[in-house]
Amino acid sequence: MYLSREEESIYQGERGETLRRMMEILVALGDIYGAEKLVPVRSVQIAGVSYKNIGEAGLEWISDLQGQVVVPSILNPAGMDLCRWKEMGVEEEFALKQQQTIEAYRRLGVTIDCTCTPYQIYQGPTSLAGRGDHLAWSESSAVSYANSVIGARTNREGGPSALAAALVGKTALYGYHLDENRLPSHLVEVEADLRGSDYGALGFLVGRSVKDGVPFFRLKNQQPSGDELKALGAAMAASGSVALYYVENATPEPPAAWQPKETIRLGRKEIDEVYAKYPVAGADAVALGCPHCSGQELEKIAGLLQGKKVQKELWICTARKIAEAHPHLVATIEESGARVFCDTCMVVSPATERFSRMMTSSGKALAYLPGLAGVQAGLGSLEECIDVALGRRQ
Ligand code: F3S
């Protein structure tokens, strides 16, 4: 891989041991994937934040690094709400380790926003991603949204390679950074009227079928909202490993003419089969906000809970900046007994493990809860989830 004189000097250790190690990671990845060179990134989103996932070895690795990030860099959800971890039921010992992890990132100049929806909290002039920008983001749903809805370019970085990109300010030019890897592989024709959680159910099905392909969706007279596209991409990234998709007339177009290798046709029957296979019955808790809730989603939830009391634990996960921007919605939600937790989510927090069956409106949580949290999952619409939490249905 070609390195400029400055990159070469970092590689040789002339700018210190941390940068040398970080450059070594970037060059190793570039060599494996045949990158021609490094390319500057606009922003970085770093995975490897929940102590549940990184453990002591990860904490030591991050703590050992020196220096400062050189591009705007934020974090993936942590294993707990950084302020209200006790209310989540997180153990003190875990909380201490989680705080040490956060401090290690803070020391490196990383901004302590722990969210999978950076595009919801940084918009306009503070935006972290625009069309055509190269990024180094980690969390699979954020990667999918950045590539597909924003039209930026990022591979799905691991924690170490994202941190390396943050400290060096560059990433290796391969994979989804290149036009040739951004062409659709599958045409997906959907003959159904879709709404809300249907997009998660659809993504759950398509991800399993196309795996790491690039689906191009042709929907029936539909104009999905940003939140619906967020849910679609998140589910495909979890049930498969889709990092880029297109929706006709709703997302940026593919970079060139293309021919699908395969056409998939789906309708209401297949989508309803997902709900039937993962029923809501027997849930002892309900979790919403995977990916993290937007302000509009908080508003919908607040409307459904206003003046009512929940009978089961109901968690709503969001970014701290979104919660802080909507204090009245958070207050309305919490008056019902539900909890709005920030910085974390039902999948990466160890607090979820005390439940046996969780209900969710998210295709991604449906795919991940059993394997990553050891909790059975049921899928329903937002309204059904709220009804279960309110005890209106079992
Ligand atoms: Fe975000 Fe956690 Fe879901 S990181 S996409 S809320 S699994």
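The values are calculated or read from the model by the stated rules, or taken from the named source; none is laboratory data. As the structure is a computational prediction, the values presented were derived from the model and not from experiment. Backbone-built Cβ (ideal geometry, glycine too); neighbour counts: all protein chains shown.
Here are a few things to note about the model shown:
- Among the residues of region 332-345, the one identified as assigned to a loop (DSSP other than H, G, I, E, B), under 22 Å from Ser141 (Cβ atoms) and more than 10 Å from the ligand (Cβ to nearest atom) is Asp343.
- Condition check for Val143: at pLDDT 95 or above, crowded, with 24+ Cβ neighbours inside 10 Å and in contact with a Lys or Arg (Cβ under 6 Å, 6 or more places away or on another chain): yes
- Ala201 meets all of the listed conditions (1) buried (at least 23 other Cβ atoms within 10 Å of the Cβ); (2) aliphatic (A, V, I, L, M); (3) over 25 Å from Gly295 (Cα atoms) but one, namely (3).
- Of the helices (runs of 4 or more DSSP H) lying entirely inside region 1-65, those carrying at least 3 residues that are under 27 Å from the mean Cα position of the chain (by Cα) are 17-32, 51-63.
- Boolean, Leu202 is more than 24 Å from Ala257 (Cβ to Cβ) and assigned to a helix (DSSP H, G or I): yes
- Within region 243-263, considering residues that are in contact with an Asp or Glu (Cβ under 7 Å, 6 or more places away or on another chain) and in a loop (DSSP other than H, G, I, E, B), the one nearest to Ala367 (Cα to Cα): Pro255
- Restricting attention to region 86-145, the residues being part of a loop (DSSP other than H, G, I, E, B), under 20 Å from Cys342 (Cβ atoms), away from the ligand (no atom under 15 Å from the Cβ) and not polar (S, T, N, Q) number 7.
- For Glu56, the test of being without any contact (Cβ under 8 Å) to a residue 12 or more places away in the chain and either loosely packed, with under 13 Cβ neighbours inside 10 Å or in contact with an Asp or Glu (Cβ under 9 Å, 6 or more places away or on another chain) (or both) is failed.
- Top-ranked residue in region 279-300 [being in contact with a strand residue (DSSP E or B) (Cβ under 6 Å, 6 or more places away or on another chain) and within 16 Å of the ligand (Cβ to nearest atom); ranked as farthest from Ser138 (Cα to Cα)]: Ala285
- Residue check: Val168 meets all listed conditions (1) outside the structural domain of Leu29 (by TED's automatic domain parsing); (2) in contact (Cβ under 8 Å) with a residue 24 or more places away in the chain but one, namely (1).
- Scope region 301-320; condition closer than 23 Å to Arg354 by Cβ, within 14 Å of the ligand (Cβ to nearest atom) and not aliphatic (A, V, I, L, M); matching residues: Trp315, Cys317, Thr318
- Checking each residue in region 207-260 for being modelled with pLDDT under 95 and among the polar types (S, T, N, Q) picks out Asn221, Gln222, Gln223.
- Yes/no for Ala162 being part of a loop (DSSP other than H, G, I, E, B), within 16 Å of the ligand (Cβ to nearest atom) and under 26 Å from Val69 (Cβ atoms): no
- Considered as a group, the residues in region 346-365 that are more than 17 Å from Cys114 (Cα to Cα) and in a loop (DSSP other than H, G, I, E, B) include one that is farthest from the ligand (Cβ to nearest atom), and that residue is Ser356.
- Selection from region 98-115 of residues that are crowded, with 18+ Cβ neighbours inside 10 Å and either of a type outside the set (A, V, I, L, M) or under 20 Å from Lys321 (Cβ atoms) (or both): Gln98, Thr101, Ile102, Tyr105, Val110, Asp113, Cys114, Thr115
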